[in-house]
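Student: Following this message is one structure expressed as structure tokens.
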Amino acid sequence: MTDRFPHKGISNRKEAHIDICCQQTEKILMKRSNGFEDIEFVHNAFPEINFAEISLKTTFLGHTFNYPVFISSITGGMEKGLKINKLLAQVAEDFGIGLGAGSQRIALEDESKQESFTILRATAPHAFIAANLGIVQFNKGYGIKEAKRAIEMLEADALILHTNPLQEAIQPEGDFEFKGLLQKIKGLTKAVDKPIIIKEVGAGISFEVAKKLIASNVAAIEVAGAGGTSWAAIEGLRAAQRHELLKQETGAHFRNWGIPTAISTIEVLSATQGQCEIISSGGIRTGIEAAKALALGAKLVGVALPVACLAATKTEKELKAWLNQFIYELKVTMFILGAKNLEALKTAPILITGKTKDWLLTRGIDLPKQVQI
Ligand SMILES: Cc1cc2nc3c(=O)[nH]c(=O)nc-3n(C[C@H](O)[C@H](O)[C@H](O)COP(=O)(O)O)c2cc1C
């Protein structure tokens, strides 16, 4: 078992991820949209509600959220991770929203790296916190024990397992053994007493995959679709730093790969039909886009890159200002649609146009009932 716990270099890789994301942002954003421009609300000039009566409260996996917002999994395990995670946890606690830890592999393999993860629960005793591990590790020696340890480390409310075959294929140190993982998820959902959430990292989840995940009894799916951060581009840039031309070029060519978030959200909603909860994420940057995802039926919307870089390079005040803006836009959208809560938002008429319409019709995906095309 020589490669059971190969953790050397993970900390440097985490540093490089944050640096590349925040210093070379233009190079790592996808040059394709998340698809939400194809989802249109019909403006209501007489909303017949008062702004003050709008509530954004919701529940996710039995936990109450003040706002339907999730800080998607980001980081931990290196020096900068402590500051970033402390800030993110503070914001999650103060706003009453949820947060996903970054991959905890590094902290499972080296206990001295745990502090930047345990700071999450220490700072946010009441917030919904999800632990995080890469699913591919379960083909490399991880099992129920590691899943439980990741949860215990954070006194987590759930465990996120991220699937990232494209990222692994381009990452210089990538792991390629993805065979048999769905079966392993089934075993984990049985053995672990916290809900299991499956997420991508920016290439999205399809109808077919969502069906298989339901059969594996997952509690929630975070779609992490295309249109925002490109992990192919990030790993391609890391490959370039190491003069690994094959992966550098591949990363560039796959920069825009994936199912756009709006489409992935609809595919997953259609496949799961309420059997699990959905987080829509991947390039969601405004409260208007958030409103569209929630109106389609997502329980929460997730954001990673903007909050990651604010936490890494700015102050708590600036991070909170960004979130306040995001939430205000969501509330304004609900106001002008006459929706005083998130249930009412789901009854607002929606039009689907353009490429998203073509995609969904071609694939024969059932649409949410308030949708007109
Ligand atoms: C700096 C950074 C680190 C990330 N690390 C992880 C991780 O450890 N585990 C994971 O599941 N996703 C990770 N992600 C992926 C995000 O959770 C998210 O799915 C993806 O970036 C797409 O969302 P976005 O466009 O809002 O950034 C990371 C994202 C960023 C920006």
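The values are calculated or read from the model by the stated rules, or taken from the named source; none is laboratory data. Treat the numbers as computed from the prediction; the structure is a model and nothing was measured. Counting neighbours? That spans all protein chains shown, and the Cβs are built from the backbone with ideal geometry, glycine included.
Student: Among (1) closer than 19 Å to Asn66 by Cβ; (2) assigned to a helix (DSSP H, G or I), which single condition is Leu310 missing?
Tutor: (1)
Student: Could you list all residues from the stretch 283-297 that are within 14 Å of the ligand (Cβ to nearest atom) and either out of contact with any Leu (no Cβ under 7 Å at 6 or more places or on another chain) or of a type in the set (Lys, Arg) (or both)?
Tutor: Scanning the stretch 283-297 gives Gly283, Ile284, Arg285, Thr286, Glu289, Ala293.
Student: Does the stretch 14-29 contain at least one residue that is closer than 30 Å to Gly274 by Cβ and either out of contact with any strand residue (DSSP E or B) (no Cβ under 6 Å at 6 or more places or on another chain) or of a type in the set (Gly, Ala, Ser) (or both)?
Tutor: Scanning the stretch 14-29 turns up no residue that is closer than 30 Å to Gly274 by Cβ and either out of contact with any strand residue (DSSP E or B) (no Cβ under 6 Å at 6 or more places or on another chain) or of a type in the set (Gly, Ala, Ser) (or both).
Student: In this structure, does Lys199 turn out to be more than 13 Å from the ligand (Cβ to nearest atom), out of contact with any Pro (no Cβ under 8 Å at 6 or more places or on another chain) and either aromatic (Phe, Trp, Tyr) or under 23 Å from Trp359 (Cα atoms) (or both)?
Tutor: no
Student: A follow-up question, please. Restricting attention to the stretch 269-288, does a residue exist that is within 30 Å of Leu82 (Cβ to Cβ), in contact (Cβ under 8 Å) with a residue 40 or more places away in the chain, among the hydroxyl-bearing types (Ser, Thr, Tyr) and part of a helix (DSSP H, G or I)?
Tutor: No, that holds for no residue.
Student: Same structure again: Any residue at all in the stretch 235-249 that's buried (at least 24 other Cβ atoms within 10 Å of the Cβ), over 24 Å from Thr58 (Cβ atoms) and within 12 Å of the ligand (Cβ to nearest atom)?
Tutor: Within the stretch 235-249 (the criterion being buried (at least 24 other Cβ atoms within 10 Å of the Cβ), over 24 Å from Thr58 (Cβ atoms) and within 12 Å of the ligand (Cβ to nearest atom)), the answer is yes, since at least one residue qualifies.
Student: Confirm whether Asp366 is more than 16 Å from the ligand (Cβ to nearest atom), over 28 Å from Asn85 (Cβ atoms) and not in a helix (DSSP H, G or I).
Tutor: Criteria met by Asp366.
Student: Could you count how many residues in the stretch 201-212 are among the hydrophobic types (A, V, I, L, M, F, W, C) and either closer than 13 Å to Ser281 by Cβ or out of contact with any helix residue (DSSP H, G or I) (no Cβ under 7 Å at 6 or more places or on another chain) (or both)?
Tutor: Final tally of qualifying residues: 4.
Student: If I filter the stretch 311-369 down to residues being among the β-branched types (Val, Ile, Thr) and touching an Asp or Glu at 6+ places or on another chain (Cβ under 9 Å), which single residue comes out as surrounded by the most Cβ atoms within 10 Å (Cβ to Cβ)?
Tutor: Step by step, filter the stretch 311-369, then rank; the result is Ile352.
Student: Out of everything in the stretch 298-310 that is crowded, with 23+ Cβ neighbours inside 10 Å and away from the ligand (no atom under 12 Å from the Cβ), what residue ends up being farthest from Ile18 (Cα to Cα)?
Tutor: Filtering first and then ranking leaves Ala298.
Student: Could you check the stretch 53-120 for strands (runs of 3 or more DSSP E) lying wholly inside it with 1 or more residues that are within 14 Å of the ligand (Cβ to nearest atom)?
Tutor: 69-71, 98-100
Student: Another question, if that's okay. Scan the stretch 183-200 residue by residue and report those that are closer than 17 Å to Glu267 by Cβ and either part of a helix (DSSP H, G or I) or touching a helix residue (DSSP H, G or I) at 6+ places or on another chain (Cβ under 7 Å) (or both).
Tutor: Matches in the stretch 183-200: Ile198 only.
Student: Here is a list of conditions, (1) in contact with an Asp or Glu (Cβ under 7 Å, 6 or more places away or on another chain); (2) modelled with pLDDT of 95 or more; (3) not in a helix (DSSP H, G or I), and His243 meets all of them except one; can you say which number that is?
Tutor: Unmet for His243, out of (1) in contact with an Asp or Glu (Cβ under 7 Å, 6 or more places away or on another chain); (2) modelled with pLDDT of 95 or more; (3) not in a helix (DSSP H, G or I): (1).
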